[in-house]
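Everything on this sheet refers to the single structure shown next.
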Amino acid sequence: MSTEYHGLAPLGRGGLSHRRPTALSTFHFGAPYYPEHWSADDRREDAARMAEAEFTLVRMAEFAWDVLEPEEGTFDFSLFDETIARLGKRGIRTMLCTPTATPPRWLTLARPDILREDPRGTRMQHGARQHACHTNPCFREYSRRITQAMADHYAGNRHVIAWQTDNEFNCHFSECHCPACQAGFQDFLRRKFKGEIARLNQTWGTAFWAQTYTDFAQIPTPKPDRPCYDNPAHRLDYYRFVRESVAVFQHDQVAILRAANPQWFITHNGCFRHIDYRGLFGEDLDALGYDVYPFFDPDPEHRPYSQAFNLDRVRALTGNFLIPEHQSGPGGQGGYMHDTPEPGELRRMTYTSIARGADAVMYFRWRTCRFGAEEYWRGILDHDNVPRRAYDEVAQIGQELRRLGPAVLGTHVRVDVGLAVGDADVEEAHDILSLGLPNPRTIAQRLHEDLNRAGYAVGCVHPADSLGALSLFVIPHWASFDPAWVPALEQFVRQGGVLVIGARTGTKDMNNNVVATTAPGCLRELAGVSVHEYGRQNAPDKRPLRITYGADSAATELWYEVLKLEDADELATWTGRHLTGETAISRRRIGRGAVYYVGTMLTPSICMLVWSRVQLDARIEQLWPGTPSQVEVVLRTDGSRRVWFFTNRSDESVRLPHTPTGDNLLDDDEVTGGPITLDRHGVLIVRES
Ligand code: GAL
């Protein structure tokens, strides 16, 4: 569903697709750097050490508004000028940031009305970050002023090549209910419903619980202090308003930066709630950035899988991405402290990130700070500034990237099995009224893990993206579904693709209301089935249900649907309670492909049950047959170039029975195709010849 953004035209490169490489001509490598935290002596030494580690880019200034504009209207760029010049002499370029995540004290004192307000009416206070409201016209004006001042000052500086807008929009705080947001939300609704309150009443179903409004000015932002559940369409539109507000706030900055120097590469580091990265927000950028912190997953065995899924999820939004912050040591904040990466683990994580679409990597952070809320968030260098194994590992990767970087730039990640992920409306609509069922993204993540472990080229793809290169596309429980996506799905199937649709898909519209058409709604004709009965399984142990396919069967956990075949064949049936013998899974052949409809949640055991049939229809094979499950295999390609990544994600040494033949990009050897042993955290990267 497209949102209206005050008629703003996107300022980026367009063509968002999971297969879009970035337009970077150098594979950049470096770290976020905070000269404002360090003495002049430290700063002098830093540039040399960064150069020794093969840095090409540092990111600066995202929290330095107080240094750049110590008093209103008085700018002081000297610290950054000096640092940029010193790094520039060593061939290290700079990515600057607009510093709007931390407005300075003079501003919050002079204009406390810019502070965000939580749903209970509490104003955020000065002293942390993300305390100002993106909708507030006064804050937008100050944001434009500091952006303009920085843009004017650095427009002609050849060392400044890139910008990051703000820092991790919406990472701590996404909602705001201040007076500016009340007015902004009402204005958003006026535009959306073309000034006709009757349209809003109808779309939101305000007849339910006497919510009817007679004027847009009566409509509040949805807050949790109502006695019980709120209106799902109202809340979804509020989230859309939040998304628009942050996109427009960023657009102000991007417009200024592009006007000052059209050569600048502009990015932002995501990914967080209530941002539509596939909308204006992502389209304004040259490429999205994604901050990679795998150690938020506390399970070391699971961590490589969650890292892989998160990278694929981000690539589904706009394509290949930059990593403005990559974990380099344990993160410690508030009540937690991560594990410390083992020797080789940082390198393994980095190559997992590059394999799955990173076109630039910067490690958070250069040196661990000795003060402030993140004084235990470890960087490449420790508190005592002594380079140890993290620095050595980073320097090794820097060396390796001299060959590897040019080999992967311009390539995309090969995907055979696409999982539908990445629609802000669908995922947020689910969370608003979930019925206690897992978010479709969580279901996709479980499938991703299994397919990844089994060695398939699995990735995440939005249904509006081009599906042509996929063999199999799986839509897990997208209750809200846009009928505009259906024709491309049909074409995909007719041309030989296999589509698997999970239960509940197509049952709601894009306003979070249930549709009148029998489920699966706009997909009914394509699937050739309708849903005759459905139900939640709240006690599957007491009233078990199974799906039987041939001689095998598997238990369902959460949900059942009884299917009525309309133009499809029965593939599997229900066993248990009153469902025995009813259709559970259908298959319809159309053109050269097939559509499966699965009348339950796509849990791994249900998928396993019919996998052999689906695999046969989709004609998919493991990406590099024979790869043991402990090793992740990913292919980056542009059609002619083929770069293979093998990473050992287990704790043991693993033998790869055979490899592609070509150049080993991590040392100077040829790889001849014979067996190779990968040690714990070991990596092999081969450019096929
Ligand atoms: C990121 C953030 C950084 C730093 C880091 C470690 O989310 O962008 O500024 O806070 O986490 O906590």
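The values are calculated or read from the model by the stated rules, or taken from the named source; none is laboratory data. Computed from a prediction, not measured in an experiment: that's the story for all the values here. A quick note on method: Cβ atoms are made from the backbone with ideal geometry, for glycine too, and the neighbour counts reach across all protein chains shown. The protein model used for the area step is the full one, side chains on, heavy atoms only, and it has no ligands, DNA or RNA in it. Shrake-Rupley method; radii C 1.70, N 1.55, O 1.52, S 1.80 Å.
Quick one: net charge of Leu107's neighbours, Cβ under 12 Å, K/R +1, D/E -1?
-3
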Fill in: Distance from the range 610-689 to the range 538-596 (C-alpha centre basis), Å
36
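Taking the DSSP beta bridges in the chain as the whole, what percent of them are antiparallel, to the nearest 5? Write out the running numbers ahead of the final one.
Values: 54 of 97 bridges.
Roughly 55 percent of the beta bridges in the chain run antiparallel, per DSSP.
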Practice prompt. Please calculate how many Å² of accessible area the chain carries per residue, with a 1.4 Å probe and no DNA, RNA or ligand atoms counted.
Written response: 37
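Would you mind computing the Rg to Rh ratio of the chain from its alpha-carbon coordinates, Kirkwood style for Rh?
On the way: Rg = 26.1 Å, Rh = 26.7 Å.
Rg/Rh: 0.98.
For the chain, what % of the accessible area comes from carbon and sulfur atoms, probe 1.4 Å? Don't jump to the answer; show the numbers that get you there.
Details: 12660 of 25670 Å².
Using a 1.4 Å probe with all protein chains present, the chain comes out at 49 percent carbon and sulfur.
Antiparallel DSSP bridges in the range 417-618: what percent, to the nearest 5? Each step should come with its number before you reach the end.
Values: 26 of 43 bridges.
So the antiparallel bridges in the range 417-618 amount to around 60 percent.
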Item to complete: Taking 7 Å along the Cα-to-C-beta vector as the label spot, tell me the Ala217-Asp569 distance in nanometres, rounded to one decimal.
Response: 6.5
Response to the item:
Once normalised by the length of the range 417-618, the mean sequence separation of its alpha carbon contacts under 8 Å that are 6 or more apart gives a contact order in percent of 20
Worksheet item: Put +1 on the Cβ of each Lys and Arg and -1 on the Cβ of each Asp and Glu in the range 585-689; which of Leu678, Leu609, Gly599 then has its Cα farthest toward the positive end of the dipole?
Response: Gly599
Practice prompt. Using Cα centres only, tell me the gap between the range 335-407 and the range 298-314 in whole Å.
Written response: 17
Item to complete: Diagonalise the Cα gyration tensor of the range 382-449 and give the resulting equivalent ellipsoid semi-axes, square root of 5 times each eigenvalue, largest first, whole Å.
Response: 39, 21, 11
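Starting from the coordinates of the alpha-carbon atoms of the range 46-179, obtain the Kirkwood hydrodynamic radius over all distinct pairs and give the value in Å to one decimal.
On the way: mean 1/r = 0.0628 Å⁻¹.
One decimal place: 15.9 Å for the Kirkwood radius.
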Fill in: Alpha carbon centroid spacing (whole Å) that separates the range 252-272 from the range 187-249
31
Worksheet entry | Pair Asp225, Thr26: separation of 7 Å Cα→Cβ label points (nm) | 5.4
Fill in: Percent breakdown of C-alpha pair distances by 10 Å bin, ordered from the shortest bin, for the range 631-688
25, 56, 17, 1
Fill in: Long-range HN-HN contacts of Val529 with modeled amide H, under 5 Å
Glu566, Asp567
Worksheet, complete the sentence: Heavy-atom accessible area of Glu582, protein chains in place, probe 1.4 angstrom, given in Å² to nearest 10, is 70
